[in-house]
Amino acid sequence: MKHKTLWWLLSSLTILALFLSACGAPTEAPATAEPTEEATEAPTEAPTEAPTAEPTAEAVAPADVAASLPRNETLYFNGQQWGAVVGWNPYSSSNNNAMAISQQDSARVTMFETPYLYNMLDGQVYPLLADGDYTWNDARTEITFKIKEAAKWSDGTPVTAEDVAYTWATHVKYNTPTGASNADYIDTIEALDSQTVVVKAKLDENGKAVNPLMVAAYVSNNYVIQKAWTQTLEERTGGDATELLADTAEDVVYSGPYHKFFTDDTKVVLIRDDNYWGQDASMWGKLPAPKYLAHTIFKDNAAGSVALAQGEVDVSQQFNSNVQVLWLNYGLPVSTYLPEAPYGIGASLPTAFYNLNSYGLDQLAVRKAIAIAVDYPTIIANAMTNQSATFDQVPRSLMNPTPGEQALYDHEAVKDLQWAGNDIEGAKKLLDDAGIVDTDGDGWREYNGQKLSYVATCPNGWSDWQAAIEVVAAAGKKIGIEITTNYPEWSVYQTVVTKSDAPLAEGYDIFMMWSAGAGPTMPWGRIRNMLSSEFIGMASNWNGNWGQYSNPDVDALIQAIPSESDPAKLKEMYTELVKIYLSDIPSFTLMYRPQSFHTVNETVWTGFPHQDDGTNPPVPPLDLTDGWSIAGLYNLTLVNP
Amino acid sequence: MKHIIQQVFHSGKFIVGFVILAAVLLIVIVYPLLIKDAPLAIIGQGTFFPPGTYVNAYDSLGSPKYILNLEHAAAKRIASKLSDDDRLAMQEWLVAAGIPENEIDISNTEQLLRQWENHYDPQTNIAGMTNAKRNYYIRLNASLKGLLSTEGAIIAVKNADTGALEETGDVVAQSDYVNIGQVANVRRLPLGTDNFGRDVLTELVAATRVSLQIGFVAGIVATLIGLTLGLLSGYIGGLVDDGIMFITNLFTVIPSFVLLILISFSIGQEKRGAVTVAVVIGFTSWVWTARAVRAQVISLRNRDHVNLSKLSGHSLVYIIFADILPYVASYVVMALILQISSGILAEAGLSILGLGPKTTEVPTLGLMMNWAMIYQAPVLGKWWAYLPVLVTIALITFSMNLMNTGLDQVFNPALRD
C-alpha cells in the first residue's frame, strides 16, 4: 500500500514537473560554434581509420556529417517532411520526399527543374531551364520555347528539347499521375531541334485548344527528366508501369542545385551541387548560399515550433499559432513576410462545404442562414490567431486576397451579396420568412416537421480547422439549428469526402476542405474545383466540389473562361460566377490561408523575403524552394559571417 | 462505525486530504450557482487573453471622471512604452546612423526622443540588421508617437450622414480616472481566456466537475468489477479461481493504458461521450483491486466465523456479504479512492492524446490540456491555459492519495502510531 501511494505521489509530481519544464520561455539559441567544430573534425577522422577501404569511408561520411552539419552552411526547414523518405523518383507522386519532389503550381525546384518558375506575387512565369519567354502561336494551340544552352544534367550532359519531349511521352506511356491529369489538354510535346520545344494542345471539335490555361501551366508545374536516365529506368523495370512508379531511383540524374546527401527517419539533408549549371551568367550567376538544406523530421507542430523558437529551424512552413509572441514577448529574431497581421499573403480559401443532399440543406434559406450567422472575426482571431485577412479587409468571393485576383471581378456588382457574418437577427428572419420555425417548442427549428440537426466536421488534429468548426457549430445554436461537431481521423475523413459517386455518408453535413492556392491557372482552376459538376460521380475525387453542387450556368462559364482572352469579358464572367456562388451558397469560405506559412528565424541566416524587400521580381514567401521563391536562396547571407 | 469515523478523522493526513477535496467539491458546486456564465461560451475574439480585469474602454469614456494628480503618472506612462532595452536599442540605431555615442544620453527621454525623431528613417538600411530587428524599430517608432504629449485626447464621433469626424467636446485629460465600479461593463477573468476565447476559470470549474464525475464513474466501475471478481475468486476457489485469475493475469500483462488507448480509438470519436470514456477507463483498471481482494479473501476464507456460517447453512451470497465483505471493506474504500484519482489521471492522459471525450459538449481537464498543447500555450508562455488545470489535477489526486494514506494508517495495525 505504502509503495502504491508513493508511486502515485511520484507520478503526479513527475507529470507536474514535465509540464512545468515545458513551459519555460524559449531562450535564444547559444552561439553555434560547437556543431561547426565537430563537423570539420569528421572528415579528417574517417580516412585515418580506414585508409584502404576508401569507398566505405565515403559511405559513412554523410551520416557523420549529417549528424552535426556545419550550422553556418546549413539552412534548416520544418513543416514539410513528416516521415522517412521513400524514394527519389520524379515520375512518382508517392516518394514522401517533400524536400526534393513536389510538382505543383509553384513546383519545388531543389533537385529537379521545370522550364519556367511561377511567381505567385506577380502571377508571372520566369524562365529556368527555358531560354526566354514562351510564345503561343496565333491560334493559341501551340506553345514554343527554347532550352538554355547552359542547362546541364548532373552527369554533365546538356539538357535538351528531346528530354522535355521524352519526359512527356513517358508520363503518357506509363499513365503517371502527371500524365493522367494533363492528357486531356496536351496532345504531344515535340523537339524541333536540340533546343526548341513545341507543346501542342489537344483540340476540341472546333479546332481550338481544349484548355490553353492547363497547357501553359504544364511548363511551370512539371519537371524535365533526363531521357537517358528514363531509358535506364525503363530497362530496369521492364516497361512495367507499376514497377516504374515504385522504383526508388537512387541513381536518378537531376539538373537542380541540390541532391541527396543523407536521409533516415530523423532527418533529410540535401547537399549543393557545386557544378550546378545555374551559376552560369544566363541564369543566377552564382550558387545558392546554403551548402546544405536540412529538414529534421519532427513529431508534431509543437516540436517544430520549439525548434523554430530556439533557432534550430531557419524557415518554418508550419502553422505557428500566435507567432507574434516570438518577437513581441520573447524578443527573438523571428519574422514573417508581413510585419503585422495577417503576417502572410493569403492564397487559398479553406471552405466549409454543405452536403447538398442532407435534409434541409437543399433549402437556400437554411444554407444562407448558417453562413451569415457564423462569427468569422472570431474564427480568424481565434482559430487562425489572426494569420488571415478578415472579410472586412477582403470581402468574400471566389478570389484569393492577392491584388491580381481581386482585380478580376466587379466588387460593386456583388457588394450586396457579400455577407460579413455574425448576422444572427438576419439569419433568424430569413428562416422565419421561409417558414422554417420551431413548431414543437424544443428550441430547434423544424423543416416540414423534421428537426434541423447537423454534424459539422473536419479531420481530427487539424487544430485551426477544428477550432473554426467549433465556431460554426456555435452559430447554429444561436439561430435554432442544432449543429454538433465531430472529428474523424484523416484516413476515414478523406475516403468519405473524396467519394463523389454516391451521396456523402451521415455525419458529413457541413465539412471543411481546402481550395486551390495561387498558380498559373488561377482563379479559374480554383473556381472549377469549387463549383464544377464534372467532379460528381467519381470514385476518388481530390479535385473539389465535395458538396456535389451542380449548376449548368456555372459549368458553361467554367468551360468558356480558358479560351477567353479579352480581359473585359473575363471580368464579366468572373463577376457572374462570384454572383452565382454568393447567391446559391453551396459552400462558404471560413478564412484565408497562405500558400504556405512562412516564418523565419534570423539567428544564422538573414536576407529572407519580406514585404518591400527590394527584390525585383519580388520573391514570394514560399520556403525558398518553390517556384520563383528559390531565387531567395541566392539572396541569403550569414548574420555573423 | 462511529468509532471508526472518529479514528479516521484523527488522522492528520486524512484530514488534510479531505479538506482539500471538500474545498474542490465546494467550489465546483457553489461557483456555478454564483456565476452563471456558460462554461463553453466563446467570449474573447482572440486567443489567450492574460488574466486580469477587463474594463470596457468605450463605457469608461462615458463614466464619471475623477481627477487624481499622482506623482509618477507620466513616468509610468513613458516607461510602459519605452523600456530600458528599448532605449539601448535606440542608441544602437542612432550610433549606426552616425550620431556620436557621447551625444546620446539614454536616460534623458526628451533628448533621446528628439534625436530619434530627427534621425530615424524606416527606409534606411543598416548593414547587418535583420528583418526582425527592422520590424522591431518600426513598431517602436510607432509606439513612441506623442509619448511626451501632455495634451488630453479628444473624442470625436463619425457623422452618420457625412462621414466626417465631429468633436463631442469630451477631452480625456492625462489625469482623468474612472472608478471601475462605475463602468457599466467590467469582466473579471481571473485566469484569462483559452485558445477559443473562453473564460478559463469558468471552464476549469465545469471541467473539474466533469472530470470528477468521470473519475467517480471509472472508480466505481473498476472497484465493482475488481471486488466482485476478487470475492468470487478468493472465496469459491478451484476452477472459478483459476478461470478468473487467468483473465486477471491476462489483463495484468497488457499495460492497461495501452488497452485504454486501443479501446478508445476503436470506439470512434462520435461515440466517445464523457460517460463512455469513464466506463472504458473503469473496465481497464480493475485488475489490481481484484488481485488484492482475492488475496485478502483467501486468508479470511478459513476463519472460524466463516466456517461457522457455512455450517449454519448460510448461502454463498450471505456469507460473502455478511462474513467476508466487512473485513475487506476498509481496503475496498481505499482502493476506490485510488481508482477515482487514477481515473481522473487516465482521462487527462487520454485527452492529451486526442482520444478523450468529444470536444463541444463538455469540458474536461484533459481536454483543456489537450487544446492548450495544440495551441502551443507552453511554448508561448500562456501559463494560465494549462497550469491551473495541472494544479487542479495534482490537488485532486494529491488529496485522494493523502486520504488513502490516512485511512491506511487507521486500518492497518502495522502502520498505526
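The values are calculated or read from the model by the stated rules, or taken from the named source; none is laboratory data. Here the structure is a predicted model, which means the values were calculated and not measured. When we count neighbours, we look across all protein chains shown, and the Cβ atoms used for this are built from the backbone with ideal geometry, even at glycine. Note: accessible area is taken over every heavy atom of the protein model, side chains too, but ligands, DNA and RNA are not part of it. Shrake-Rupley method; radii C 1.70, N 1.55, O 1.52, S 1.80 Å.
Under the condition of being under 17 Å from B:Thr47 (Cβ atoms) and of a type in the set (A, V, I, L, M, F, W, C), which residue from region B:181-203 is farthest from the other protein chains (Cβ to nearest Cβ)? Restricting to residues being under 17 Å from B:Thr47 (Cβ atoms) and of a type in the set (A, V, I, L, M, F, W, C), the top hit is B:Leu201. In region A:459-478, what residues are touching a helix residue (DSSP H, G or I) at 6+ places or on another chain (Cβ under 6 Å) and of a type outside the set (Gly, Ala, Ser)? Correct list: A:Pro459, A:Asp464, A:Val471, A:Lys478. Can you tell me which residue is surrounded by the fewest Cβ atoms within 10 Å (Cβ to Cβ) among those in region A:619-637 that are more than 16 Å from A:Pro127 (Cβ to Cβ) and of a type in the set (S, T, N, Q)? Across region A:619-637, the extreme among qualifying residues is A:Thr637.
Select from region B:206-234 the residues that are more than 37 Å from the chain's Cα centre (by Cα) and buried (at least 21 other Cβ atoms within 10 Å of the Cβ) and list them in ascending order. Within region B:206-234, B:Leu231, B:Ser233, B:Gly234 meet the criteria.
Do you know which of the residues in region A:602-616 that are without any contact (Cβ under 8 Å) to a residue 24 or more places away in the chain and charged (D, E, K, R) is farthest from A:Gln310 (Cα to Cα)? Don't jump to the end; show me each part of the working.
Looking only at region A:602-616, we keep the residues that are without any contact (Cβ under 8 Å) to a residue 24 or more places away in the chain, and these are A:612-616.
Applying the additional criterion that residues be charged (D, E, K, R) yields A:612-613.
On the way: A:Asp612: 27, A:Asp613: 25 Å.
In this case the residue turns out to be A:Asp612.
State yes or no: is B:Leu415 at pLDDT 90 or above and at the interface with chain A (Cβ under 10 Å from one of its Cβ atoms)? No, not satisfied.
Quick check on region B:146-154. Is at least one of its residues closer than 30 Å to A:Leu638 by Cα and of a type in the set (Gly, Ala, Ser)? There is no residue in region B:146-154 that is closer than 30 Å to A:Leu638 by Cα and of a type in the set (Gly, Ala, Ser). Strands (runs of 3 or more DSSP E) fully within region A:287-403 that include at least 2 residues being at the interface with chain B (Cβ under 9 Å from one of its Cβ atoms), open to solvent by less than 10 Å² (accessible area, probe 1.4 Å) and at pLDDT 90 or above: A:334-336.
Is it the case, given these coordinates, that A:Gly476 is in the same structural domain as A:Lys571 (by TED's automatic domain parsing), under 24 Å from B:Gly44 (Cβ atoms) and modelled with pLDDT of 85 or more?
yes
Considering each residue of region B:357-377 in turn, at least one proves to be within 9 Å of chain A (Cβ to nearest Cβ), over 16 Å from the mean Cα position of the chain (by Cα) and charged (D, E, K, R).
In region B:72-95, the residues that are over 11 Å from B:Ile106 (Cβ atoms) form Cβ pairs under 8 Å with partners that are assigned to a helix (DSSP H, G or I) and among the hydroxyl-bearing types (Ser, Thr, Tyr), at six or more places apart or across chains, as follows: B:Ile78/B:Thr109; B:Lys81/B:Ser143; B:Trp93/B:Tyr137. Taking residues in region B:164-189 that are without any contact (Cβ under 8 Å) to a residue 12 or more places away in the chain, and partners anywhere that are small (Gly, Ala, Ser) and open to solvent by less than 80 Å² (accessible area, probe 1.4 Å), the pairs with Cβ atoms closer than 9 Å and at least 6 places apart or on different chains are B:Leu165/B:Ala156; B:Glu166/B:Ala156.
Filtered by the rule that a residue be within 23 Å of A:Thr157 (Cα to Cα), among the hydroxyl-bearing types (Ser, Thr, Tyr) and either open to solvent by 70 Å² or more (accessible area, probe 1.4 Å) or not in a loop (DSSP other than H, G, I, E, B) (or both), region A:243-266 gives a lone residue, A:Tyr258. The combined condition, being open to solvent by 70 Å² or more (accessible area, probe 1.4 Å), in the same structural domain as B:Ile352 (by TED's automatic domain parsing), free of Cβ contacts under 8 Å to residues at least 40 places away in the same chain and polar (S, T, N, Q), is fulfilled by B:Ser299. Annotation note: Cβ proximity below 6 Å between a residue of region A:519-531 that is more than 11 Å from A:Asn545 (Cβ to Cβ) and a residue that is assigned to a helix (DSSP H, G or I) and among the acidic types (Asp, Glu) (sequence gap 6+ or interchain) occurs for A:Pro523/A:Glu405. Scanning region A:528-581 for residues that are touching a strand residue (DSSP E or B) at 6+ places or on another chain (Cβ under 7 Å) and closer than 25 Å to A:Asp416 by Cβ yields A:Met530, A:Gly547.
Please note which helices (runs of 4 or more DSSP H) are completely contained in region A:126-242 and include at least 1 residues that are at pLDDT 90 or above and more than 23 Å from A:Pro562 (Cβ to Cβ). Give the steps one after another, and end with the answer.
On the way: elements: A:161-173, A:177-182, A:212-221, A:227-237.
Answer list for region A:126-242: A:161-173, A:227-237.
Taken over region A:479-507, residues that are aliphatic (A, V, I, L, M), open to solvent by 10 Å² or more (accessible area, probe 1.4 Å) and touching a helix residue (DSSP H, G or I) at 6+ places or on another chain (Cβ under 7 Å) amount to 2. Of the residues making up region A:599-618, just one is buried (at least 24 other Cβ atoms within 10 Å of the Cβ) and among the aliphatic types (A, V, I, L, M), namely A:Val600. For region B:366-416, the set of residues classified as open to solvent by 10 Å² or more (accessible area, probe 1.4 Å), touching a residue at least 12 places away in the same chain (Cβ under 8 Å) and β-branched (Val, Ile, Thr) consists of B:Ile374, B:Thr392, B:Ile393, B:Thr405, B:Val410, listed by residue number.
For region A:582-598, taking the residues that are modelled with pLDDT of 90 or more and of a type in the set (Ser, Thr, Tyr), the one that is most open to solvent (accessible area, probe 1.4 Å) is identified as A:Ser583.
Here are A:Gly517, A:Gly537: which of them is under 27 Å from the mean Cα position of the chain (by Cα), surrounded by fewer than 16 Cβ atoms within 10 Å (Cβ to Cβ) and not hydrophobic (A, V, I, L, M, F, W, C)?
Residue meeting the stated conditions: A:Gly537.
Taken over region B:112-127, the residue count meeting the criterion of being more than 46 Å from the chain's Cα centre (by Cα) and part of a helix (DSSP H, G or I) is 5. Among residues that are within 14 Å of chain A (Cβ to nearest Cβ) and either under 24 Å from A:Pro339 (Cα atoms) or in contact with an Asp or Glu (Cβ under 9 Å, 6 or more places away or on another chain) (or both), B:Gly44 is included.
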